[in-house]
Amino acid sequence: MTAGSTYGEALGRRLYTAEQISAAIGRLAGAIAADYAGQPLLLLGVLKGALYLTVDLSRALAAVADGPSEIMVDYICVSRYGTSTESSGAPRLLLGASVPVEGQNVLLVDDIADNGLTLESLGAFIQKRRPASLRTCVLFDKPSRRRVEVPLHYAGLPLPDAFAVGYGLDYQELYRNLPYLAELNLQASFEKK
Ligand code: PRP
């Protein structure tokens, strides 16, 4: 059985193609490069969802002339959802950053801002460690779900209130590796298991 046929029953409409995602990351990189021109920057990706975005964004930044003077890449791992589709409670820190953030220009990189609690919590966590500056960058923004106001300094693509998977977004750890974003047919996905 091919991956395409396995996913075919569970995946609904495509929300963003791989090309649209790539173009959005290019736009994010252009804006970030301009704002941090000549300054050092620490990209802090929020695992696991932002694994792909952090890699692609860091490479897109490397391709921009006159961007940051130097770029470090690190990851922090938190989880809110477990194996459910409904987020609840505070994000759990599963793995801290290895690079000290004190005195750094930190850019928190996450795949999606949903209810906002993850970025709110991580923002407070990072601020306590006294970075020189702190900003946030997300690829997907679902403003209709927001429960707390969080500053999004760089946001790529708006999302409707649909259960989306791909490009880092998962359902029970599946579908993260899709290069595009699709709506998940939860019933078909459940029956597939
Ligand atoms: C997802 C996503 C964001 C967060 C956004 O992570 O990757 O980090 O939820 O949701 P929020 O705005 O409602 O807080 P999740 O906790 O599912 O872990 P994962 O990255 O390992 O999938």
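Every number in this text was worked out from the coordinates using simple rules, so none of it is lab data. Computed from a prediction, not measured in an experiment: that's the story for all the values here. Quick reminder, even Gly has a Cβ in these numbers, built from the backbone with ideal geometry, and neighbours come from all protein chains shown.
In table form, for the structure just shown:
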| read-out | value |
| --- | --- |
| Counted charge near residue 105, where neighbours are those whose Cβ lies closer than 10 Å (Asp, Glu -1; Lys, Arg +1) | 0 |
| ³J(HN,Hα) computed for each position of the range 156-169 - Karplus, 6.51 cos²θ - 1.76 cosθ + 1.60, integer Hz, glycine/proline x | x, 9, x, 10, x, 7, 10, 7, 9, 9, x, 6, x, 7 |
| Pairs of Cα atoms farther than 14 Å apart, the range 130-191, % | 65 |
| Kirkwood Rh (inverse of mean 1/r, distinct Cα pairs), the range 106-166, angstrom | 11.9 |
| Residue 98-residue 63 FRET efficiency (beta carbon distance; Förster radius 25 Å; 0.05 resolution) | 0.45 |
| Gained length - residue 9 relative to residue 148, 0.36 nm times residue gap less alpha-carbon distance | 46.6 nm |
| Sorted peptide list for 59-67, 110-118, 24-32, criterion being average Cβ within 10 angstrom, highest first | 110-118, 24-32, 59-67 |
| Distance (nanometres) between label positions extended 7 Å along Cα→Cβ at residue 55 and residue 77 | 1.6 |
| Cβ-derived FRET efficiency at R0 41 Å, residue 128 paired with residue 186, nearest 0.05 | 0.60 |
| Given charges at Cβ of Lys, Arg, Asp, Glu: the range 92-193 dipole, positive-most of 103, 154, 178 | 103 |
| Simple Cβ-charge dipole of the range 129-193, Lys/Arg +1 and Asp/Glu -1, about Cα centre, in debye nearest 20 | 380 |
